[in-house]
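*Asks:* Structure provided below as structure tokens; questions to follow.
The values are calculated or read from the model by the stated rules, or taken from the named source; none is laboratory data. Keep in mind that this is a model prediction, so the values were computed, not measured. When we count neighbours, we look across all protein chains shown, and the Cβ atoms used for this are built from the backbone with ideal geometry, even at glycine. To get the accessible areas, we keep the full protein, side chains included, count just its heavy atoms, and leave off ligands, DNA and RNA. Shrake-Rupley method; radii C 1.70, N 1.55, O 1.52, S 1.80 Å.
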Amino acid sequence: MRLLIPIDEEKKKHVQQAMKNINKDYGDNAVGFYSELDNIDIKKFSTGLISVDVALGGGLPRGDFSEIAGKPSVGKTTLCLGIISVLQKQGEICAFIDVEQDFDPDWARKNGVILDDLIISQPDTLEQALTIVEGLVKSGGVSFIVVDSLAALTPEEVVKRPLSKDTVGLRARKMAQFFDKNNHFVKRSGAHVMFTNQWRDNPNPFAGAETPGGWSAKHNFAIRMNIWRGNSDIVTARDEPIASKSTIEVRKTKVGAPYRKAAFRIDFLTAINYVFDLVSFAIQMGVVDKSGSWYSYGGKTVAQGENNLIELLRVDRELFGKIDRDVREILGLLEGREEDDGDE
């Protein structure tokens with residue numbers, strides 16, 4: 001969009017000379033008009049779940065930090081493992097910083113994680129964990145780093161001091177130092193660092209629950225997500241729990257519209273159910289037609305009953321990939337996504 005009143009050419013000449021001097025001192029593309037720069041647009045990558053990608057405005061941004069917080073056992077770590085699986089299929093290198101030191105390799109495999117290609121660390125202190133993250137970011141080769149969790153990051157001074165000594169605010173100060181030091185390196189490397197986090201009761205009874213980490217963390221996270229699961233979100237079969245549904249709300253985002261929600265299903269035997277996520281959008285977008293109990297794609301009947309359709313797409317990865325691509329094309333989610341035959 002052009003201005004109705006043209007820019008004064010004399011002023012523009014002075015500005016261009018100033019920008020030329022700045023670029024001479026700080027390198028090309030240090031400053032310039034938007035149309036002249038090629039490093040401004042934010043690149044995003046898919047989480048593998050259409051519902052979550054839509055809520056995030058296209059996916060997670062490269063070169064930034066995010067937080068996913070919630071109560072115990074609501075799917076925080078599982079979602080992170082699912083994202084790792086998606087990126088590994090695209091040839092990306094991922095890392096999992098297991099601060100809580102309870103990494104489950106079997107559950108990771110069920111989520112599609114290739115363990116032989118996963119960088120993993122179980123640090124003892126906050127300083128050790130964040131130094132490892134810094135080193136991986138500076139390498140320029142790691143695309144996605146999970147820190148599980150921020151609430152479990154324990155400063156070395158806390159470990160050494162007796163319980164009678166006060167260490168209030170120490171974690172927050174260390175986190176502020178980490179962000180101040182590493183914002184530049186994360187932006188330059190294109191890595192995305194995701195912290196899982198937990199809720200803590202605020203001493204002020206009128207303030208509600210809070211996540212640890214301090215205000216610096218809250219400011220530096222480009223995306224902050226809450227995740228929860230209600231009692232009614234447990235799926236049962238013959239009175240046995242077989243799956244659960246987790247809901248995410250994007251509470252803060254610098255790269256999209258906030259307060260969007262997404263829901264996804266976690267099967268207890270097979271982990272994140274990408275097929276269930278796809279089917280709901282495929283029907284909603286009209287990619288898969290439903291007539292009574294029959295489902296058709298491309299004018300051809302493919303299954304009778306939703307459960308049969310889900311099972312078909314679980315087995316037929318080629319069909320899954322075609323439907324997935326059609327849905328993402330309608331939603332504008334294809335940019336930056338590698339072609340594959342599914343995310344399961």
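*Asks:* Among the helices of the chain (complete DSSP H runs), which have Cα atoms covering no less than 15 Å along the helix axis and a Kyte-Doolittle mean of at least -0.5?
*Replies:* 76-89, 126-139, 274-285
*Asks:* Expressed in nm², what is the orientationally averaged projection area of the convex hull enclosing the Cα positions of region 121-208? Write out the running numbers ahead of the final one.
*Replies:* Working: hull surface 27.0 nm².
Across all orientations, region 121-208 yields a mean hull projection of 6.7 nm².
*Asks:* Compute a Gaussian network model of the chain, connecting alpha carbons closer than 10 Å, and tell me which residue from 16, 122, 284 fluctuates the most.
*Replies:* In the Gaussian network model the winner is 16.
*Asks:* Follow-up question, since we're still on this one. Could you tell me the accessible area of residue 9 in Å² (1.4 Å probe, neighbours in place), rounded to the nearest ten?
*Replies:* Surface open to solvent at residue 9 totals about 130 Å².
*Asks:* Sequence neighbours fewer than 8 away in the same chain don't count; with that in mind, list the lysines whose C-alpha is under 29 Å from residue 181.
*Replies:* 20, 24, 43, 44, 76, 138, 160, 165, 218, 252, 254
*Asks:* Tell me the Rg and the Dmax, in Å, that the Cα atoms of region 229-344 produce.
*Replies:* In Å, with Rg to one decimal and Dmax whole: 15.5, 44.
*Asks:* Then there is this: Starting from the Cα gyration tensor of region 1-97, take the square roots of the eigenvalues, sort them a ≥ b ≥ c, and report rounded, prolate or oblate (rounded when a/c is under 1.5, otherwise prolate if a/b is larger than b/c, else oblate).
*Replies:* Prolate.
*Asks:* If you don't mind, there's one more thing I want to ask. Just tell me which lysines come within less than 26 Å, Cα to Cα, of residue 300; anything on the same chain fewer than 8 places away is out.
*Replies:* The qualifying lysines are 290, 322.
*Asks:* Looking at the chain, what % of its DSSP beta bridges pair antiparallel, to the nearest 5?
*Replies:* In the chain, approximately 55 percent of DSSP beta bridges are antiparallel ones.
*Asks:* Another question, if that's okay. Could you work out the relative contact order of the chain? I mean the mean sequence separation of Cα pairs under 8 Å and 6+ apart, divided by the number of residues, in percent. Mind dumping the intermediate values first?
*Replies:* Details: 575 pairs, mean separation 65.9, N = 344.
Computed over the chain, the figure is 19 percent.
*Asks:* Still on this model: Assuming R0 = 41 Å, can you tell me the calculated FRET efficiency for the pair residue 173 and residue 315, based on Cβ-Cβ distance, to the nearest 0.05? Walk me through the numbers before you get to the answer.
*Replies:* Values: r = 52 Å, r/R0 = 1.28.
With R0 = 41 Å, the Cβ-Cβ based efficiency is 0.20.
*Asks:* Counting Lys and Arg as +1 and Asp and Glu as -1, each charge on the Cβ, what is the dipole of region 67-156 about the Cα centre in debye, to the nearest 20?
*Replies:* In debye, rounded to 20, region 67-156 gives about 420.
*Asks:* How fast does the chain diffuse by Stokes-Einstein, in µm²/s, taking the Kirkwood radius from C-alpha pairs at 25 °C and 0.890 mPa s?
*Replies:* 110 µm²/s
*Asks:* Compare the peptides 221-231, 51-61, 21-31 by average per-residue count of other Cβ atoms within 10 angstrom and give them in order, highest first.
*Replies:* Ranked from most to least packed, the peptides come out as 51-61, 221-231, 21-31.
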